[in-house]
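Student: Structure in structure tokens, see below.
The values are calculated or read from the model by the stated rules, or taken from the named source; none is laboratory data. What you are looking at is a predicted structure, and each value in this text was computed from that prediction instead of being measured. Neighbour counts are summed over all protein chains in view; Cβ atoms, including those assigned to glycine, are modelled from backbone coordinates with ideal geometry.
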Amino acid sequence: MESRFHKELEELKMTILQMAALTERALEKAVHSLLVRDTEVAKEVVRGDQEVNSLELEIDRLCLKLLALEQPMARDLRFIIGTMRIAVDLERIADQAVNIAERTIFLASRPPLRFNPAMQQLGDTAIDMLKSVISAFINESEEQAIDVCQMDDTADELNVKILKDLMDYMLHDTPAIERSVQTIIAARCLERAADQATNIAESVIFIIKGVNIKHHCQRT
Amino acid sequence: MMEKTLKMESKKIDFYYGSFKALQEVSLQFHLNRVTALIGPSGCGKSTYLRCLNRMNDLIPSSRLVGEITLDDMNIYESGVDVVELRRRVGMVFQKPNPFPKTIFENVAFGLRVNGVKDRNVLSEKVEISLRQAALWDEVKDRLQASALGLSGGQQQRLCIARALAVEPEVVLMDEPASALDPIATQKIEELIHELKKNYTIVIVTHNMQQAARVSDTTAFFYMGKLIEVNATENIFTRPKYKQTEDYITGRFG
Ligand SMILES: Nc1ncnc2c1ncn2[C@@H]1O[C@H](COP(=O)(O)OP(=O)(O)OP(=O)(O)O)[C@@H](O)[C@H]1O
Ligand SMILES: [Mg+2]
């Protein structure tokens, strides 16, 4: 039995998936532009943020309407609350992508720093976490969501490693300080994006199981 | 919340209408100062179960109950139980308001008279208390001698609640008490239930999920004569354990 209300829930799901797809693309492009110093792609990321923002507003509006008019229960209620939270985190990830793109535009106008493979790894980890968590949401997979939570440590470690490397670098090469700081900021954005993907994983688990695992993400 | 005190309990009861088994192994506990909501699709046995709790089904020929229902420590189906006294202790409010074609005063005083109260002052006092408890006093205090049939539907339902309360029951059973009422009257009944639970044990059948969510502490979901799930109302409506419960309360049934 497919009620009008459940069709609207499907529509909400489609909207958040669209937002997720745009966010995923923004993060991929931002990381790519950072690594290959591509100013054009970076500018695309900055311009594209508007669309993510308006989708967040649209999701907010849909959720508010469904809560007020349908008084949803149980799974439906959890889905709507979870979706609202996920939209907030997606919007923040898209903002991290914009921030990275802005660092890229600065860095591309200066001589390149020594290549650091940890940066590539951190970018890959953040993107991987975002993709996995979207897939966990689509498939309602608790397993997959838990895996995402557990990847967060890797992102933290890579960020620390990059920070140490660049601090060391700055000590020996003072003219590179400004570029190093910008790169540290970019790494920090990726680490934050990974945190936000972890938040999304927690929301996915909340939708599936109705339990809040915030602040202690682990197998239940 | 206060400690839970067990007031009534059914232990694995089966109930038959002739050869038709309408209830199967239903075990439920009801606590003092708690509201329990019974929910489930039409025909699942909610009203049947409710009527078992004060032996209203006794009136139905060839019906039969197997198992035990206790009120405090008494098995209410034991031989020798005074059914009139049982129904005084376990009162009932029906879906459709059913006032007697008498005055407002006499409607409320009815149960007291049946129980042998004759003193005019005692009657007046108890009628007033009951009408106040049912949040109807202010609306009718100036026309106690008018016919109850002249009241609105919502007022009639509160009058029936006052009538049920007048005999000072311990448990109040309500079978869809607000289903025939408008939102304002419904809200009054719901507020009333919140008030009443300070003194009584309440069991309410309702088809309105939001109402069950609003008024009850515990919710029991019935399906095809079986109790599928019982839990704190908050849990039932946010994360029920069983798929059947979830499908029912989210309107995905059938
Ligand atoms: N007096 C009776 N004689 C025979 N069968 C009955 C009698 N009363 C109820 N039944 C049957 O018992 C089952 C449970 O009925 P009951 O009235 O308890 O359901 P309910 O859950 O209260 O439904 P509703 O939500 O429609 O009020 C139904 O199949 C019904 O047809
Ligand atoms: Mg019924």
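Student: Being in contact with a Gly (Cβ under 7 Å, 6 or more places away or on another chain) and within 8 Å of ligand 1 (Cβ to nearest atom) is the filter; apply it to region B:45-64 and report the residue that is farthest from residue B:204 (Cα to Cα).
Tutor: Step by step, filter region B:45-64, then rank; the result is B:45.
Student: Next question, about the same structure. Mind listing just one residue for me: the one in region B:33-44 that is buried (at least 18 other Cβ atoms within 10 Å of the Cβ) and away from chain A (no Cβ under 14 Å) and, of those, farthest from ligand 1 (Cβ to nearest atom)?
Tutor: Ranking the candidates gives B:33 first.
Student: Any residue that is at pLDDT 95 or above, in a helix (DSSP H, G or I) and closer than 19 Å to residue A:206 by Cβ - is there at least one of those in region A:96-117?
Tutor: no
Student: Can you name every residue in region B:198-230 that is among the small types (Gly, Ala, Ser), on the phi < 0 side of the Ramachandran plot and within 16 Å of ligand 1 (Cβ to nearest atom)?
Tutor: B:212, B:220
Student: What single numbered condition from (1) surrounded by 14 or more Cβ atoms within 10 Å (Cβ to Cβ); (2) within 16 Å of ligand 2 (Cβ to nearest atom) fails to hold for residue B:112?
Tutor: (2)
Student: Got a number for residues in region B:60-92 being farther than 16 Å from residue B:22 by Cα and within 16 Å of ligand 2 (Cβ to nearest atom)?
Tutor: 1
Student: A further question follows. Take residues that are closer than 15 Å to residue B:94 by Cβ and of a type in the set (Val, Ile, Thr) and tell me which of the strands (runs of 3 or more DSSP E) falling wholly in region B:151-223 contain 1 or more. Before you say what the answer is, go through the steps one by one.
Tutor: Values: elements: B:171-175, B:201-205, B:218-223.
Those strands (runs of 3 or more DSSP E) span B:171-175, B:201-205.
Student: Quick check on region B:153-164. Is at least one of its residues more than 23 Å from residue B:50 (Cβ to Cβ) and buried (at least 16 other Cβ atoms within 10 Å of the Cβ)?
Tutor: yes
Student: Working only within region B:213-241, note down all residues that are more than 11 Å from every other protein chain (Cβ to nearest Cβ) and farther than 24 Å from residue B:186 by Cα.
Tutor: Passing the criteria: B:223, B:224, B:225, B:226, B:227, B:228, B:229, B:230, B:231.
Student: Shifting gears a bit: Within region B:1-28, restricting attention to residues that are within 14 Å of residue B:77 (Cβ to Cβ) and charged (D, E, K, R), which residue is nearest to ligand 2 (Cβ to nearest atom)?
Tutor: B:14
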